[in-house]
Structure formats: C-alpha cells, structure tokens
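Chemist: Shown below is the structure under consideration.
The values are calculated or read from the model by the stated rules, or taken from the named source; none is laboratory data. Note that the structure is a prediction, hence the values are computed from the model and not measured. Methodologically, a virtual Cβ is constructed for each residue, glycine included, from the backbone with ideal geometry; neighbour enumeration extends over all protein chains shown.
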Amino acid sequence: MLTLLVLLPFIGALIAACLPNSSRDRPAAVAGAVTLAALVLAIHAFGRVGEGEVLYQRYEWLPGFGLDLVLRMDGLAWVFTVMVLGIGLLVLLYARYYMSRRDPVPRFFSYMLAFMGSMLGVVLSGNLIQLVVFWELTSVTSFLLIGYWQHRNDARRGARMAFTVTTIGGLCLLAGVLILGHIVGSYDLDAVLAAGDQVRAHDWYRSVLVLVALGALSKSAQFPFHFWLPHAMAAPTPVSAYLHSATMVKAGVFLLIRLWPTLSGTPEWTWILGAAGVCTLLIGSFFAIFQNDMKGLLAYSTISHLGLIVVLLSIGSPLSVVAAIFHTMNHAVFKASLFMAVGIIDHETGTRDMLELRGLGRAMPYTAALAIVASAAMAGVPLLNGFLSKEMFFSETMQVGGTENWWMSYAAVAMGVFSVAYSLRFISVFFGPLAKNLPQDPHEPPRWMRFPVECLVVLCIVVGIMPERAVGTVLAVAAQSVLGAPLPEYSLAIWHGFNLPLMMSAAALAGGVLFYVVLRRYAGLAERDEVPVLYRLNGAQAYESTLLALSQAAAWLLHWTGTRRLQLQLLVLMVAMVAVPLLVVRPLPVLPALRLSALDPLFALLWVIGAACAVGAAWQAKYHRLVALILVGGTGVVTSLTFLWMSAPDLALTQLMVETVTTVLILLGLRWLPPRLAPAGLAAHIPPSTWLRRARDGAVALAGGLGLAAATYALLSSKPPPTISDFYLERALTEGGGANVVNVLLVDFRGFDTLAEITVLSIVALTVYALLRRFRPAPESVAIPVQQASDVDPAATESPAQQAGSGYLMVPAIYLRFLLPFMGIIAVYFFMRGHNLPGGGFVAGLIFATALIVQYMVAGTDWVESKLRLRPHRWIGWGLATACGTGLGAWLFGYPFLTSHTAHLNLPLLGEIHIPSAFVFDLGVFLVVVGTTMLILVALAHQSLRSHRAAPGATRSTIPPAKEIA
C-alpha cells in the first residue's frame, strides 16, 4: 500500500502528460481519480496507524551502507499524507474550472501530480538519504509549477528564486543528514530517532543542527529566507493554494517535527529556531498589512503562521509540539480555502488589487461569506479552528521566560494584533459600494469551483465548535508518534475559563481591530505603496544583488582564465600532469632499473612502430590530415596488438573495433576543420614565434608522455598490491554462469556500472545529434586549399562510375552490400559466445555498426535510410529499456536490482543450453552501442553531405570520398 501511495501520483503524471491539450476534462479526471484512489488507501490505513502501529515497506538496495529504500507511515506521516492528498484533491477539482482552455492543461496536472508524489515521498520516507532525494524533487517540481506561465517574466523570476533558495537549503540538508547518519551509524529513520541522546552529546551536534535548520527554514520561508515566497505568487492560484498551504512550505515544518526527538532539547535548538521564528512571524504579519495584492497578503500571512509553528517547536516542551501539529493542520485548511477564494475573485473580476476591489459582497455573496469565515479563522476568532491552536500558542509562549521574561508572549500578542489587522484588510474588499470599471463584471463562480472552498470552510467551523470529536483522535495519534507514550495532558475544549491565554487572545482581537482602524483612517493605509519602517528589509533585492555579483565575478574569472582554444586547454592539462606529481609527491619515487634482457625484441619493435606512428601523426597533422588520421589508426592497431600480447583478447578486439569506427567518424569530421596550406608553400612563411610555440608544445607533450610512462612503469615494476582478481576468477562461472571473466564482470558483478556507462553513452550521442542538426559548416571549411583551384584533381569530384573508368580500382557497391548479412552473422557469433569466450554485446555492437558504416560509405545516407530504414533513436531507447528491464525483472522475484540468474533448457536437436539473464542485459548493451554509433554517424554524414553539396561541382548524394575530404 505504501509503495502504491507514492507511485500512483507519478503514474498519473505520466498519463496526464500524454493527453492532448484540447480538453481540460480528461487530464482533470485522471488527476482526480489517481488522487482519490490514493486518499482512500491512506484513510483505510488509519485503522492500523490509529492503534499505534507503524507501517513499513522495505526494499534492499545497499544494506551494507544503510541505504535501503524504506517507506514508513506512523501517525505524523498519516496526518501529512491525508493533508497532501485531501487538499490536493480539492485543489485539482478547483483547477479544472480555474485553468483556461488556452493553457496547456495536461502539463499543469502532470506537474501537480509529480509534485504530489514528491511530497508523499518526503512524508513517507524511512531513510534520511531517500528523504533528501524526494526533498529535492519537490524543489524541481515546484519550480515547474511556479514558472508554469512561461511567457510571464515574474513567473520565471519567481520560479528561479524559489528553486535557488530551496536547492541551496537542500544541499545544506544533505550535508547535515550525512553527518547525522555518520554519528548514529545508520540513515534509517528509526535508528536516528532513537539516538537523540547520542546525537546531542556529540561534538558535531551543532553542525548537524545548523545544516538541518538551514534546509528546513529555507523550505518553509523563514527569516532570512522568507523573501522567495511572495514572488512565488506568480504561479496559478491552484498552485499557490496547494504549495503554500499544505505541501511545500510545510515540508520544512514536517522535517523539524520529525527530527524533534533527535535534535531538540538544547539551548542551541531554542535560540536558532526561536530567533528565526519570532523574526518571521513579526515581519510576515506586519508586511501582510500593507500588501495591495490579495495573494501577496496571503503569502506574507503564510510566512507569519509558519513562523508561529517554528516558534512552538523551538520552545521544546511536549505541549508545544502538540500545538505545532494542531496549528499545522488548521493553517492548511483555512489558508487553502483563502487562496482558492482569491482565485475565484481574480477569475470572476479580472484583478486581485485591493485598491480597485470593493463591495464584492453584493455581487458574490456566497464567496464573500466563505472568505470572511476563513479570514476569521486565520485571525483567531472564537468558535473557529484557528482560535484553538492560537490560544495554545499563547499558552506555550508564557512558559518560555517564566514569570520574569515575557518577551516571547509580547511577540505572540503583537503577531496576533497584526494578523487581525491583515484579516480585516483582506475582507474589506467585500464591503462598501460595488466597484466600477473592473476588468470583468463580478459574479459567482460555477458551483463545483466553489465546492472545495465550502468543504474547507465547513471543516474550519466543525473543528472550531467540536474539536475533540473532529480531530482529537487524529491529533493524539500524530503527537504520540513524535513524543511517544504517555502524551502530556491537554484539552481541546472550547472554554477553559478566564485565564491569561484567553486574555491574550482578546487583547489581540481588540488591538488588531483598533490598529486597523487607526491605519485606515489616520495613516492612509490604502494609499501606501511600501511598508513603513521596514521597507528597506528587502530580501529579494539582496538575493538579486548577490546573483549579480556572482555573475560579474564569474565573467571576470572567465575573461582572465578561460579560453575557447582547445590547444591552450590541452597545454594546461599537460603541464598539470607533469607539475602536480613534482609538487605533491615528496620524495619522488625511484624508478627501478630497466631490465633490457627481459624485453622481447619483437614486442619492442611493435612499440617502436607505434611510437613512430604517433610522432608521424603529430608532424603530419600540420599538413596532411588524412595521413595523420591513418597514422593515428596505426597507433590504435599497435595498442590492440599490445593487449593481445598481454593475453587480453577482449580488450584487443574492442580496441580494434573502436579504432575502426572512430576512424570513419573522424574522417567525416575532417571536412569541418579550417583549411591548411601545402607544406611547400608554408615552410617559407612560418614566423619564428610559430616555431617557438611548436617547440614549447612538443616539449610539454614529450614531458607529459614520459611522465605518464614513468608512472606506469613504476607501478608495474613495484611489488604488486593485493587485488580482487581471484574473487572474480573463482566466482565468474559458479555465480555468474560464464567462463569469460571480463564479460561476466561487466554484465553481472558490475552491471550497475555498465548500465550507467551506456546511459552516459546515449546522452552523449543525443547531445551530438542535437548540436549538429542545427549546425552549418562555415563556407571556408568547404574549400579545398591543398593546391590551387586549377590544380585540384578532377577525379575528386567525379562519380564512382567515372572514377572507375579513369583508372581507379573500385569495388562494386553490390559486392560490399553483401558484407552486411555476413558481418551481421559475425556480430551474432561474437554476441552469443561473449559469456564464455572473447566477445559480448559491446564488441558485437561495434561489429554490426561497422557493417552499417560500410553501407553508408558505399551507398550514401539517402539509400541507407530509404532501404534499411534505421531509426537510431529507437535502438537507443530499446537498448536502455532492455537493460533496465533486466534489473527490474530481478526485483519482481525479490532479488536486488540487476541480480543475474542462469536457466538451463533442454531443446530439441540443440540439447541442453544455459541462458543467463545477463544475456538480455548484454542485448541492451548491443542495441545502445549500435544506436549511438549510427546516430553520431548520421549527424556527421548529413552535415558533411550538406557541405559537399555546397562545394563547386558536387552533384551526387553520397558521403564524399576520403580523398576529397582530405
């Protein structure tokens, strides 16, 4: 059930994203059905959670590192799960009528469901690392939601600001979680919650507390990170109603409540959270009074109420935790209803500006009544839910300073006064004469658009009138999961007699009304365009100034240290490769004596040939690029023979096929390089500075190569370190089901690494294709300046038939096309034998890609694409899906991801054969290698084809021959 709870929103997000933009009903129906199903599952779970049971679902991943995937539901997680799903369901129904048909509605509901799943992941995570992953997912999905209206600059700016602040906080949280897990010895949530005394006594406790607090406070928009929340109001109102009432901003509060047993109970906890909370609740409530945008007012009021919850948690008493959970629930209810009421006003009048709106109670009486009740709950009026939790807040603040220090109580009453004032400011738009010249004629919204607000307002009244029956059991279950048994004594009764908290509530109500009247009548509240006294405390401006300073510093650093010349970048790398060992390694190791008697003359001759090819390639690269490419291929062949000499046939075969493929790809890319002059005409015009530069580059390259060779020789000649090769040699056949240790190592023991490598390979191929499909070679790169135009060989622009008639030795294309099935059989042969003999999916993929490359070289891109109909993107997609499906298949049978198994089958005629599951994984590798190679080839070939057709006399539609490219 827990797994389904988390997966359902993501599944719904994928379905909604695939729907067309022509309708709002289908994506809304999908989102509503998925959320309702998840909500029913969560409500059904209360039968066990309400009895004190903790529900678990655990999947082993890396148990040795404490990184199992754990889903955990206790009372606190249940309350937040129901809030996320319940309010989410109402917001989705509301969004169906709020969103315009001109908007890409499927994308909206897809983002909403993805965010819902991310939030459920945070709430239900039983592993701290897993919690941080979902934490960052909420930042990503909220960025997409806040910036949903991409055409608006304020939406893009608000999304960037929210994402930057919360992501930096998330990095701090990750660091804190890593240290916390190190202290406890586990990242499992149960172990962390049980190790409170151990954590508080550790020397790194303060570091953990600061880092976790930075993550939580930035997420919940607490001072000094409060500035991002008002700018997030550029999102559609359903997004604001959801993110800023029950979900995103409550994630930080949830984290503080969740880790309260581990981190609380110290002066550091009280001062850090208490200072941030008090500043936040005062600044937020005071700023809210002077906002002219209704959503801006609600944004600052949200900041203030979140500060109230943080203050309660900072107090550290068990009753303060109960009050914090209670006010979290109440705030989610009345704040979601208020945001949706503002959305109705904006939707039906065309504006949210309180300077323009008045008298809406006449045109929208039902909406006005609902908004007034919700505002009264926000202000803490008796018989509504907000009054009860705020009175508990007043009671707890009295316990902080004892009978002498009342600073926390004064701050609480001041916040209460301000909250009443901004609530009155909010409901003032419903009174007075009806405003004229509004963008739209105000009227009541559709019935079902108002229904979510009605449900939440009724809940405010029910909880306010009979709190014990409405939420008493739920609150007790949530508090007990945090505090343990027994719970402190508390009462949710409406009347507790005349006491000091009641007097504080009455003072806040009376003071708020008086403060609002004074501001409106004598201070010109409606004409103000800035917050008095505190208007210079602009966190958004500080954020923008900081980003501007960082951008200027980066530009300065790039100007003085960066370069777009590849040669200079390589020079720095080579110098570093030589200098770093000289500076770091002290003393330098002494190279062992070179035993020439043990050197095989044939092997030495092989390396002399390779070195000669390398030096020749470096020299010929200045003049004859094709010759240089051939010599580079010679070094690759020598390397392949070296692997073969060292009894590494797999590496030798792979190196040989890689050299073949890369040579063709580089050959296609040669045409894009700038032209070179002939050697005879160049030598006389080379200035001395060029010779000096080449001498410098040659010396650095020689030193780098010798240094690397010396390091390699020293490592190979020293005492061999202990290796794990015996482990693989002993277990390759018995546990991996194959005699070829290299292949078993890649597809079984280190299959996860191979999966990551083919994923990176796919990303690189797609990136190359995306870049080249928009690139056009420069006109000068099409010219052939090896000789003068009159000296160009006419055969270079002739067709293959003409070249054959001119004396060129041509192999008929039809013969080369026969190579495709032949090389395909060879690829299948190497693929099938790879688990026991040299071969495998990677080598087979390169062989088959070479067969396809031959067809491209013979027939050109047009013929191959029309006849073979290759779709490299699909090869890549199916390859990754096959590889991932192999790993997921192990999960279905209860084994860790990518666990390999071998089946023995008795087939007619063939007898007994064994088929390992790694065979399917290797098939995915094969498909990815072929797809990526062909995708890069297609991209390069088409660009070379365009440049070839642009050249004078070019008429045929094939890849230009090698001589012409040279």
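Chemist: Given GLU730, GLU735, which one is surrounded by 13 or more Cβ atoms within 10 Å (Cβ to Cβ) and either over 28 Å from TRP619 (Cβ atoms) or at pLDDT below 80 (or both)? Break it down stepwise before answering.
Modeler: Working: GLU730 fails: surrounded by 13 or more Cβ atoms within 10 Å (Cβ to Cβ).
Among GLU730, GLU735, only GLU735 is surrounded by 13 or more Cβ atoms within 10 Å (Cβ to Cβ) and either over 28 Å from TRP619 (Cβ atoms) or at pLDDT below 80 (or both).
Chemist: Output the number of residues of segment 140-163 satisfying the condition of being in a helix (DSSP H, G or I) and either out of contact with any Gly (no Cβ under 7 Å at 6 or more places or on another chain) or crowded, with 23+ Cβ neighbours inside 10 Å (or both). Step through it out loud before you land on a result.
Modeler: Start the filter on segment 140-163 by keeping residues that are in a helix (DSSP H, G or I), which leaves 140-146, 153-163.
If we keep only those that are either out of contact with any Gly (no Cβ under 7 Å at 6 or more places or on another chain) or crowded, with 23+ Cβ neighbours inside 10 Å (or both) as well, we get 140-146, 153-154, 157-163.
Residues flagged as in a helix (DSSP H, G or I) and either out of contact with any Gly (no Cβ under 7 Å at 6 or more places or on another chain) or crowded, with 23+ Cβ neighbours inside 10 Å (or both) within segment 140-163 amount to 16.
Chemist: If only one of LEU626, LEU606, LEU667 is of a type in the set (A, V, I, L, M, F, W, C) and closer than 28 Å to ASN740 by Cβ, which one is it? Spell out how you get there, then give the answer.
Modeler: Working: LEU626 fails: closer than 28 Å to ASN740 by Cβ; LEU667 fails: closer than 28 Å to ASN740 by Cβ.
Criteria check complete, one pass: LEU606.
One line per residue, one yes/no per condition, for (1) of a type in the set (A, V, I, L, M, F, W, C); (2) surrounded by fewer than 24 Cβ atoms within 10 Å (Cβ to Cβ); (3) over 17 Å from ILE87 (Cβ atoms):
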residue: ALA216; (1), (2), (3): yes, no, yes
residue: LYS219; (1), (2), (3): no, no, yes
residue: PRO224; (1), (2), (3): no, yes, yes
residue: ALA235; (1), (2), (3): yes, no, no
residue: ALA241; (1), (2), (3): yes, no, no
residue: MET248; (1), (2), (3): yes, no, no
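Chemist: Just to check your reading of the model, which residue among VAL413, VAL457 is part of a helix (DSSP H, G or I) and touching a Gly at 6+ places or on another chain (Cβ under 8 Å)?
Modeler: Values: VAL457 fails: touching a Gly at 6+ places or on another chain (Cβ under 8 Å).
Result: VAL413 is the single residue among VAL413, VAL457 that is part of a helix (DSSP H, G or I) and touching a Gly at 6+ places or on another chain (Cβ under 8 Å).
Chemist: Return the residues of segment 7-18 that are surrounded by 20 or more Cβ atoms within 10 Å (Cβ to Cβ) and under 18 Å from LEU144 (Cα atoms); say none if nothing qualifies. Full working, then the answer.
Modeler: Just the residues of segment 7-18 that are surrounded by 20 or more Cβ atoms within 10 Å (Cβ to Cβ), to begin with: 8-9, 12-13, 16.
Matches in segment 7-18: PRO9, GLY12, ALA13, ALA16.
Chemist: Taking interchain pairs and intrachain pairs at least six residues apart, which have beta carbon atoms under 6 angstrom, with the first residue in segment 498-512 and touching a residue at least 40 places away in the same chain (Cβ under 8 Å) and within 14 Å of SER395 (Cα to Cα) and the second outside any loop (DSSP other than H, G, I, E, B) and not β-branched (Val, Ile, Thr)?
Modeler: Final answer for the pair search is PRO501/GLU391; PRO501/PHE394; PRO501/SER395; MET504/PHE394; SER505/GLU391; ALA508/GLY416.
Chemist: Does TRP556 count as in a helix (DSSP H, G or I), surrounded by 11 or more Cβ atoms within 10 Å (Cβ to Cβ) and modelled with pLDDT of 80 or more?
Modeler: no
Conditions (1) within 22 Å of ARG425 (Cα to Cα); (2) small (Gly, Ala, Ser), marked per residue:
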position	(1), (2)
PHE223	no, no
ALA232	yes, yes
ALA235	no, yes
VAL253	no, no
ALA275	no, yes
GLN291	yes, no
SER301	yes, yes
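Conditions (1) outside the structural domain of LEU338 (by TED's automatic domain parsing); (2) part of a helix (DSSP H, G or I), marked per residue:
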residue: ALA246; (1), (2): yes, no
residue: LYS250; (1), (2): yes, yes
residue: PHE254; (1), (2): yes, yes
residue: ILE257; (1), (2): yes, yes
residue: TRP271; (1), (2): no, yes
residue: ALA276; (1), (2): no, yes
residue: LEU282; (1), (2): no, yes
residue: SER285; (1), (2): no, yes
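Chemist: While we're here: Would it be correct to say that ALA476 is among the small types (Gly, Ala, Ser), under 30 Å from GLY265 (Cα atoms) and part of a helix (DSSP H, G or I)?
Modeler: Numbers: among the small types (Gly, Ala, Ser): yes; under 30 Å from GLY265 (Cα atoms): yes; part of a helix (DSSP H, G or I): yes.
Yes, satisfied.
Chemist: Follow-up question, since we're still on this one. If I ask for residues that are part of a helix (DSSP H, G or I) and crowded, with 17+ Cβ neighbours inside 10 Å, which ones from segment 430-453 would you list? If you could, list the steps in order and put the result at the bottom.
Modeler: Narrowing segment 430-453 to residues part of a helix (DSSP H, G or I): 430, 447-453.
Matches in segment 430-453: PHE430, MET449, ARG450, PRO452, VAL453.
Chemist: Something else: Quick one: is TYR366 surrounded by fewer than 23 Cβ atoms within 10 Å (Cβ to Cβ) and farther than 30 Å from THR270 by Cβ?
Modeler: Values: surrounded by fewer than 23 Cβ atoms within 10 Å (Cβ to Cβ): yes; farther than 30 Å from THR270 by Cβ: yes.
When the stated conditions are applied, TYR366 passes them.
Chemist: Suppose we filter segment 599-641 for residues that are among the polar types (S, T, N, Q) and in contact (Cβ under 8 Å) with a residue 24 or more places away in the chain; how many remain? Even if it seems obvious, please write down each step before you answer.
Modeler: Of segment 599-641, the ones among the polar types (S, T, N, Q) are 620, 635, 639-640.
Remaining after also requiring in contact (Cβ under 8 Å) with a residue 24 or more places away in the chain: 635, 639.
Within segment 599-641, residues that are among the polar types (S, T, N, Q) and in contact (Cβ under 8 Å) with a residue 24 or more places away in the chain number 2.
Chemist: Can you tell me which of (1) over 23 Å from PRO20 (Cβ atoms); (2) crowded, with 19+ Cβ neighbours inside 10 Å; (3) not β-branched (Val, Ile, Thr) is the one MET112 doesn't meet?
Modeler: The number of the failed condition is (1).
Chemist: Any residue in segment 179-202 that's aromatic (Phe, Trp, Tyr): show its pairings with residues that are in a helix (DSSP H, G or I) and surrounded by fewer than 17 Cβ atoms within 10 Å (Cβ to Cβ) at Cβ separation under 9 Å, as long as the two are six or more apart or on different chains.
Modeler: These pairs meet every condition: TYR187/PHE65; TYR187/LEU178.
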